[in-house]
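The block underneath contains the structure these notes are about, expressed in structure tokens.
The values are calculated or read from the model by the stated rules, or taken from the named source; none is laboratory data. What you see is a predicted model; the values in this text were computed from it and never measured. Neighbour counts are summed over all protein chains in view; Cβ atoms, including those assigned to glycine, are modelled from backbone coordinates with ideal geometry.
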Amino acid sequence: MMIAKKLAGLVVLGALSAAPVGQAADDFPSRSIRIVVAYSAGGGNDLVARLLAARLSEQMGKTVFVENKPGASGIVGTDMVAKSPADGYTLILSDAPHVINPYVYPSVQYDPVKDFEPVTLVATAPVVLAMYTKAPYQSLGDFIAAAKKDPGKITMGSGGTGTVSHVAGELFQLRAGIKLIHVPYKGNGPALTDAVAGQIVCIFTPVGAAIPLVSTGRLRAVALSAAKRSPLIPEVPTFDEAGVADYRVSNWYGILAPAGTPKPVVLQLNKEIAAAILAPGVKDRFESSMIDGGTNTPEQFVAFLKSEASRWSQVVKTVGIKAE
């Protein structure tokens, strides 16, 4: 009799302890949701997050807001989200450095896959090789030939060590068999400014950031890392067309939650985000910024993260990229 009472008590206690998780999933969302951007306002991550937040607020009937938490190349904000409650109310709009930083910066305390619950990929944006307009290279072939003739003489700017613009350039050098001089900046904006001024020769940059400069003749785009040309810059060939096959590099954006977030919450967020990026206001803005919106399942997203981590860790190790 005593044993039966104890067992009954344990069952009740277990049910009570499990209740908050079940209830949290059933009535989600019951309050506002925060999307953390681990960079300052104004960049690509911020644009994507704010478009998404505005649409999700309309769809879900609860406020979805963006909080910028910059610091240490995105590490500060990412670490904060990894340590946040796993309830779906704190998310992060991550990008490619999410899986690159742990291999570049010894200070990273989180695992980019194990410490997060992948919700969905949101969008991708190819990179473009853009050059100072007075640089004496009219094609990708000219550029590679010059770099081979004088190795270590041509400067390549980037938004900083371990950024997409950096690793994209390093991967290109490995594929093309050339050596450029890497000049890291504190952000993609200053690097583009110096490319326009001729302080550096070239930069591998997400194409959306380059379009205003290319369209006004302040930079010259040489090749695009996509499978086909863009209607926004149709004169720019792909790397395949220009002679470097299978060079595919994109900055990507995805939503992650802290590890342990209930599956029903993750699936609901996945469904809502898939609907949000198809909304005309979001879809049109993505297209005008050369951002390709497209979601996937949580399982597909985690496979994508693992693939990206494997790819870029190999580049980091081969080149010997280290935090400065």
Spot the failing condition for PHE28; the list is (1) touching a strand residue (DSSP E or B) at 6+ places or on another chain (Cβ under 9 Å); (2) at pLDDT 95 or above; (3) part of a loop (DSSP other than H, G, I, E, B), and only one is missed.
(1)
Qualifying residue in the range 210-224 (condition: loosely packed, with under 14 Cβ neighbours inside 10 Å, assigned to a helix (DSSP H, G or I), not aromatic (Phe, Trp, Tyr) and not assigned by TED's automatic domain parsing to the domain that holds PHE301)
yes
Members of the range 24-49 found to be charged (D, E, K, R) and either on the phi > 0 side of the Ramachandran plot or over 15 Å from the mean Cα position of the chain (by Cα) (or both), listed by number
ASP26, ASP27, ARG31, ARG34
State whether one or more residues within the range 143-157 are touching a helix residue (DSSP H, G or I) at 6+ places or on another chain (Cβ under 6 Å), at pLDDT 95 or above and of a type in the set (Ser, Thr, Tyr).
no
Only listed residue being at pLDDT 95 or above and within 25 Å of THR120 (Cα to Cα), chosen from PRO206, PRO237, PRO258
PRO258
Do we have any residue at all in the range 257-280 that's assigned to a strand (DSSP E or B) and outside the structural domain of HIS98 (by TED's automatic domain parsing)?
no
Considering every residue within the range 137-159, establish whether at least one is free of Cβ contacts under 8 Å to residues at least 60 places away in the same chain, assigned to a loop (DSSP other than H, G, I, E, B) and under 18 Å from the mean Cα position of the chain (by Cα).
yes
Could you count how many residues in the range 282-324 are assigned to a helix (DSSP H, G or I) and in contact with a helix residue (DSSP H, G or I) (Cβ under 7 Å, 6 or more places away or on another chain)?
12
Output for the range 167-184, where each listed residue is in a helix (DSSP H, G or I) and either among the polar types (S, T, N, Q) or over 14 Å from THR318 (Cα atoms) (or both)
GLN173, ALA176
Between ALA96, ALA82, ALA38, which is in contact with a strand residue (DSSP E or B) (Cβ under 9 Å, 6 or more places away or on another chain) and within 17 Å of GLY260 (Cα to Cα)?
ALA82
Here's a check for you: in the range 103-136, which residue that is in the same structural domain as ILE200 (by TED's automatic domain parsing) and in a loop (DSSP other than H, G, I, E, B) is nearest to the chain's Cα centre (by Cα)?
THR133
Screening GLY42, GLY9, GLY14, GLY22 for residues that are modelled with pLDDT under 90 and in a loop (DSSP other than H, G, I, E, B) leaves only GLY42
Could you tell me which of the residues ARG175, ARG218 is within 19 Å of MET290 (Cβ to Cβ), touching a residue at least 12 places away in the same chain (Cβ under 8 Å) and among the basic types (Lys, Arg)?
ARG218
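Conditions tested, residue by residue: (1) farther than 22 Å from VAL37 by Cα; (2) of a type in the set (Ser, Thr, Tyr); (3) modelled with pLDDT of 95 or more.
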| residue | (1), (2), (3) |
| --- | --- |
| TYR89 | no, yes, yes |
| ASP95 | no, no, yes |
| PRO102 | no, no, yes |
| PRO106 | no, no, no |
| LYS114 | no, no, yes |
| PRO118 | no, no, yes |
| VAL128 | yes, no, yes |
| ALA135 | yes, no, yes |
| GLN138 | yes, no, no |
Qualifying residue in the range 170-183 (condition: modelled with pLDDT under 90, surrounded by fewer than 17 Cβ atoms within 10 Å (Cβ to Cβ) and farther than 27 Å from ASN101 by Cβ):
no
